[in-house]
Amino acid sequence: MLRLPVVMLRLPVVMLRLPVVMLRLGASSGARVLGARVPGSAPLSAALLSSSRSHSGSQLAEPDRNRAPRMTENGEQERVLSLESMNPAIRKVEYAVRGPIVTRAVELEKELLQGVKKPFTEVIKANIGDAHAMGQKPITFLRQVSAICLYPELLNDNKFPDDVKQKAGRILKACGGNSIGSYSASQGIEVIRQDVAKYIERRDGGIPSNPDNIYLSTGASDSIVTMLKLLVSGQGSSRTGVLIPIPQYPLYSAALAELSAVQVNYYLDEENCWALDITELRRALHEAQKHCDPKVLCIINPGNPTGQVQSRKCIEDVIRFAAEENLFLMADEVYQDNVYAKGCAFHSFKKVLFEMGPKYSDVVELASFHSTSKGFMGECGFRGGYMEVINMDCAVKQQLTKLVSVRLCPPVPGQALLDVVVNPPQAGEPSYKQFLAEKEAVLGNLAEKARLTEEILNGAPGIQCNPVQGAMYSFPRIQIPERAVRLAQDEGQAPDMFFCMKLLEETGICVVPGSGFGQREGTHHFRMTILPPTEKLRSLLERLKDFHQKFMQEYS
């Protein structure tokens with residue numbers, strides 16, 4: 001045998017700076033690196049090569065191997081992604097509902113588990129509308145259909161009523177491979193979109209709904225952000241302005257910050273049960289026109305965090321205003337089942353729009369949103385929802401369909417659950433009586449807790465709580481002594497954050513400061529959900545009332 005010398009070759013490593021292309025690789029994806037074939041995306045390789053040429057000319061540039069890496073002040077190599085180099089718009093994003101106070105609440109829970117002594121035995125998270133986390137029982141029919149969709153072999157189980165198996169079988173038949181583990185069409189499963197359209201028609205007294213105008217989504221939040229992406233454009237004084245209510249749900253301010261859009265605040269009237277006033281809308285619009293191009297008006301009805309339910313007259317006024325000012329309307333209606341106050345009723349923007357006649361129904365552009373997370377369902381984790389678009393330009397609609405296709409499809413289990421929500425048992429079907437009883441029990445219980453919240457909080461000096469007409473929250477106004485305001489400012493906190501953090505540390509009650517939702521200068525609020533079980537909610541409210549009194553005495 002001949003022993004040949006082993007020759008070690010040191011080849012220079014060539015670092016190429018190419019645009020980052022993310023490919024989903026898998027047995028069925030059909031993707032190839034460099035050739036980059038993706039079903040429905042044939043131009044990808046051409047786009048990659050074109051982008052590469054635009055970055056480096058006709059030939060790949062030789063890297064500068066003698067250039068030293070950038071170093072930090074501590075002598076460490078500088079990271080490619082840092083707070084300084086990251087997208088600056090993301091740094092501006094804030095989401096109070098899961099902000100620092102919730103982070104501290106989680107830490108306190110861990111400390112309690114570790115045996116650390118506290119002045120309380122549990123943390124009550126009244127910061128978010130998570131019904132099942134607060135003890136609300138699932139609706140049997142919804143879960144039964146979902147169970148069969150997950151385990152199709154249960155179609156042969158006689159323990160399930162026939163209407164449950166029929167609905168589950170219909171959903172499965174519409175899924176690829178008869179499985180909710182498969183992808184769906186990007187716009188959502190067609191039979192489910194048909195059922196959503198029929199639901200809207202029933203809700204709106206027979207006004208037609210076209211399944212092609214329905215887009216299923218990952219909860220309502222996903223479709224709201226998608227619509228804002230379509231609407232935001234321009235630079236400088238032509239940058240899109242979006243009118244949002246103050247107080248608002250922080251999804252809106254967060255999405256606008258991420259998109260670098262201009263947030264245009266209009267204030268709800270706290271002295272009039274948080275009513276929407278057209279005069280205030282007009283003021284906000286005209287002020288904004290001086291520095292941006294306001295073209296979107298967002299409405300939350302019933303209100304979050306404020307719990308008001310808009311009257312039909314108010315909705316008509318808003319539609320007229322939108323038509324006069326050529327504004328795109330976005331109607332967030334996820335709490336449409338949650339109306340408690342006597343004399344209040346939910347009116348969908350679409351229904352009112354069409355009943356106002358062709359002068360408005362033919363021209364006003366509208367997107368409305370609904371979700372499985374709220375209402376009597378409370379199925380937050382399934383992430384089911386839909387958007388209906390009205391009077392959308394056909395070419396723009398094609399762009400919307402393209403945009404949602406980038407995310408492939410909404411979660412199919414969430415789509416299946418949505419179908420059961422919009423297509424519930426009917427009178428005479430085996431599951432109808434139990435379904436109706438459970439639904440009415442949930443909504444009746446919420447109505448009682450809405451009344452209880454208003455009653456107890458208004459019994460406390462220094463706390464003023466408007467009626468909780470709908471949704472799942474109260475947004476009481478609280479007095480904060482001047483000394484506490486100064487201490488909060490010294491610590492770099494909003495005064496109501498200071499109050500809420502003290503409340504959490506001393507009582508274990510987690511609520512969200514009103515400054516996270518927006519409020520008029522000089523006022524202080526917090527948002528709390530009414531979802532805890534009735535007796536726990538009563539105890540929470542009494543402890544909160546006592547703490548506020550102690551807080552006032554300590555800092556006066």
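The values are calculated or read from the model by the stated rules, or taken from the named source; none is laboratory data. Because the structure is a prediction, the values reported are computed rather than measured. Note: ideal-geometry Cβ built from the backbone for every residue, glycine included; neighbour counts use all protein chains shown. Note: areas computed on protein heavy atoms with side chains; ligands, DNA, RNA excluded. Shrake-Rupley method; radii C 1.70, N 1.55, O 1.52, S 1.80 Å.
Highest first, please rank the peptides 183-191, 197-205, 345-353 by the mean number of other Cβ atoms sitting within 10 Å of their residues.
345-353, 183-191, 197-205
Among the aspartates and glutamates, which have Cα under 12 Å from the Cα of residue 295 when same-chain residues fewer than 8 positions away are ignored?
Residue 295 reaches 324, 325, 365.
To the nearest 10 Å², what's residue 354's accessible area with a 1.4 Å probe?
70 Å²
Kindly provide the GluC sites (Glu not before Pro) of the range 490-556 that DSSP labels as loop, not H, G, I, E or B, and whose Cβ sees at most 14 other Cβ atoms within 10 Å.
Numbers: sites: 491, 505, 506, 521, 535, 542, 554; in loops: 491, 521.
Sites meeting the loop and neighbour criteria: 491, 521.
Take the Cα atoms of the chain, find their three principal axes, and give me the spread along each one in whole Å, biggest first.
96, 63, 59
Where a ≥ b ≥ c are the square roots of the eigenvalues of the C-alpha gyration tensor, would you call the range 318-414 rounded, which needs a/c under 1.5, or, failing that, prolate if a/b is larger than b/c, or oblate?
The shape class here is oblate.
Kindly rank 169-178, 306-315 from highest to lowest mean number of other beta carbons found within 10 Å of each residue.
The densest-packed peptide leads the list: 306-315, 169-178.
With only Lys, Arg, Asp and Glu charged, each at its Cβ (+1 for the first two, -1 for the last two), find how big the charge dipole of the range 107-197 is about the Cα centre; round to the nearest 20 debye.
80 debye
If DNA, RNA and ligands are ignored and the probe is 1.4 Å, what is the ranking of 527, 477, 451, 193 by accessible area, most exposed first?
451, 477, 193, 527
Which pairs break 18 Å Cα to Cα here: 137/159; 502/545; 92/290; 449/545; 167/350; 350/374?
137/159; 92/290; 167/350; 350/374
With each pseudo-label sitting 7 Å past Cα toward Cβ, what's the residue 162-residue 448 distance in nm, one decimal?
Between residue 162 and residue 448, the simple spin-label model gives 3.6 nm.
Report the one residue of 528, 81, 428 whose Cα lies farthest in the direction of the positive end of the charge dipole of the chain (charges on C-beta: Lys and Arg +1, Asp and Glu -1; origin at the Cα centre).
Value computed over the given set: 81.
With each run of n ≥ 4 DSSP H residues scored as -39500 (n - 2.57), what mean residue ellipticity at 222 nm is computed for the chain after dividing by its residue count and rounding to the nearest 500 deg cm²/dmol?
Here the helix-only value at 222 nm equals -12500 deg cm²/dmol.
Got the relative contact order for the range 177-328 handy, in percent, Cα pairs under 8 Å and 6 or more residues apart? Each step should come with its number before you reach the end.
Working: 174 pairs, mean separation 28.7, N = 152.
Relative contact order of the range 177-328: 19 percent.
With an 8 Å Cα cut-off and a minimum separation of 6 or more residues, compute the relative contact order for the range 400-556 in percent.
Taking the mean separation of contacting Cα pairs over the length of the range 400-556, I get 22 percent.
If you find the alpha carbon centre of the range 245-292 and of the range 342-371, how far apart are they in angstrom?
20 Å
Calculate what fraction, in whole %, of the accessible area of the chain sits on carbon and sulfur atoms when a 1.4 Å probe is rolled over the protein chains.
52 percent
Assuming R0 = 45 Å, what is the FRET efficiency of residue 77 and residue 154, from their Cβ-Cβ distance, to the nearest 0.05?
With R0 = 45 Å, the Cβ-Cβ based efficiency is 0.20.
In nm, to one decimal, how far is the modelled label at residue 122 from the one at residue 434, with both set 7 Å along Cα→Cβ?
Here the modelled spin labels are 2.7 nm apart.
Would you mind getting me the FRET efficiency between residue 312 and residue 269? Use the beta-carbon distance for r and R0 = 22 Å, nearest 0.05.
Computed FRET efficiency for residue 312 and residue 269 comes out at 0.80.
Could you size up the charge dipole of the chain around its Cα centre, putting +1 on the beta carbon of Lys and Arg and -1 on that of Asp and Glu, and report it in debye to the nearest 20?
Values: 63 positive and 61 negative charges, 344 e Å.
The calculation lands at about 1660 debye.
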